[in-house]
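K.L.:
Handing you a structure now.
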Amino acid sequence: MLALQETDCRIRELERMKSDIPARQGKETLRLDEHKKKLAQSEDALKHKHAAARELDVEVQARREKIRKLRTQQFEIKTNKEFKVFEEEIATVNEQINGLEDRELVLMQEIEDARAAVERSRSELKKQEADVQADIEVWNGKLAEIGKELASLAGRRAEQVVGIDAGRLSAYETIFTRRDRAIVPVVDGVCSGCHMNVPRFIVHDARKQAEMVRCTYCGRLLY
Ligand SMILES: [Zn+2]
């Protein structure tokens, strides 16, 4: 029965490892989500910069159009004074165009930077995807190993229960499902399951090993 308990402990340990793996794989996928989010954010930032550049361009074009109109009107001017008023207005609009074009230059640099950031996020995501894929494969390998060991332990267990009295086996199994160990030694009169002092007559019975002896406090089987 002690050998059976060793088998059952290992089975329990493996089952626990097996049930932990999906959560670990889920965590890996979550890590990828972070990188996907980062890429989406950098792509969004680039899109906004492009939109701003288009808006600036529209503004520049509108002002150029305005200058064309002013020049056409200027041809029909009779007096020098009026001509000068038009010249001044054209100069003002030109200054505005210069200002807009300066902003365009700054924006172009920002677009370059944003594009580089997108590239960085994209290659980082690719690297992470490869890492995660590799990790998931490692976990899948572990799952396969656990499966193999569990199958062999099931075979061993089937052999170990042969010859064990049905009542003992069922008592053992009931305790084992609730406790870390179902069978524990009494050491110096103390149950090693619950660390309580076991009454002397129980220690005596345990030593005889004639029948199943249980700890009065925790119910574990004693030897
Ligand atoms: Zn006990």
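The values are calculated or read from the model by the stated rules, or taken from the named source; none is laboratory data. Just so you know, these numbers come straight off a predicted model, no measurement behind them. Methodologically, a virtual Cβ is constructed for each residue, glycine included, from the backbone with ideal geometry; neighbour enumeration extends over all protein chains shown.
K.L.:
Within region 137-164, work out how many residues are out of contact with any Lys or Arg (no Cβ under 9 Å at 6 or more places or on another chain) and within 27 Å of Thr29 (Cα to Cα).
P.N.:
Taking region 137-164 as the starting set, the residues that turn out to be out of contact with any Lys or Arg (no Cβ under 9 Å at 6 or more places or on another chain) are 137-138, 140-141, 144-145, 148, 151-152, 154-164.
From what's left, within 27 Å of Thr29 (Cα to Cα): 137-138, 140-141, 144-145, 148.
Qualifying residue count, region 137-164: 7.
K.L.:
Please tell me if Val213 is surrounded by fewer than 13 Cβ atoms within 10 Å (Cβ to Cβ), farther than 25 Å from Glu13 by Cα and within 12 Å of the ligand (Cβ to nearest atom). Steps first, answer last, please.
P.N.:
On the way: surrounded by fewer than 13 Cβ atoms within 10 Å (Cβ to Cβ): no; farther than 25 Å from Glu13 by Cα: yes; within 12 Å of the ligand (Cβ to nearest atom): yes.
The answer is no for Val213.
K.L.:
In region 88-145, what residues are among the small types (Gly, Ala, Ser) and surrounded by 15 or more Cβ atoms within 10 Å (Cβ to Cβ)?
P.N.:
Ala114, Ala117, Ser121
K.L.:
Suppose we keep only residues that are within 14 Å of the ligand (Cβ to nearest atom) and part of a helix (DSSP H, G or I) within region 177-204. Which one would you say is nearest to the chain's Cα centre (by Cα)?
P.N.:
Looking only at region 177-204, we keep the residues that are within 14 Å of the ligand (Cβ to nearest atom), and these are 178-199, 202-203.
After this cut, where a residue has to be part of a helix (DSSP H, G or I) as well, the list is 178, 202-203.
Numbers: Arg178: 33, Ile202: 53, Val203: 52 Å.
Here the answer is Arg178.
K.L.:
Mind checking which pairs have a first residue in region 146-169 that is loosely packed, with under 15 Cβ neighbours inside 10 Å and a second that is of a type outside the set (Phe, Trp, Tyr) and part of a loop (DSSP other than H, G, I, E, B), Cβ under 6 Å, 6 or more apart or different chains?
P.N.:
Qualifying pairs under 6 Å: Arg168/Met212.
K.L.:
Consider Lys69 carefully, then state whether it is more than 23 Å from Glu95 (Cβ to Cβ) and among the basic types (Lys, Arg). If you could, list the steps in order and put the result at the bottom.
P.N.:
Details: more than 23 Å from Glu95 (Cβ to Cβ): no; among the basic types (Lys, Arg): yes.
When the stated conditions are applied, Lys69 does not pass them.
K.L.:
Right, something else. Please work out which one of (1) within 16 Å of the ligand (Cβ to nearest atom); (2) touching a Lys or Arg at 6+ places or on another chain (Cβ under 9 Å); (3) under 14 Å from Asp8 (Cβ atoms) is the condition Leu222 fails and give its number.
P.N.:
Failing condition for Leu222: (3).
K.L.:
Can you find a residue that is polar (S, T, N, Q), within 30 Å of Asp131 (Cα to Cα), modelled with pLDDT of 95 or more and part of a helix (DSSP H, G or I) anywhere in region 24-41? Break it down into steps so the answer makes sense when it comes.
P.N.:
Looking only at region 24-41, we keep the residues that are polar (S, T, N, Q), and these are 25, 29, 41.
Keeping just the survivors that are within 30 Å of Asp131 (Cα to Cα) gives 25, 29, 41.
Within this subset, residues satisfying the condition of being modelled with pLDDT of 95 or more are 41.
If we keep only those that are part of a helix (DSSP H, G or I) as well, we get 41.
For region 24-41, residues polar (S, T, N, Q), within 30 Å of Asp131 (Cα to Cα), modelled with pLDDT of 95 or more and part of a helix (DSSP H, G or I): present.
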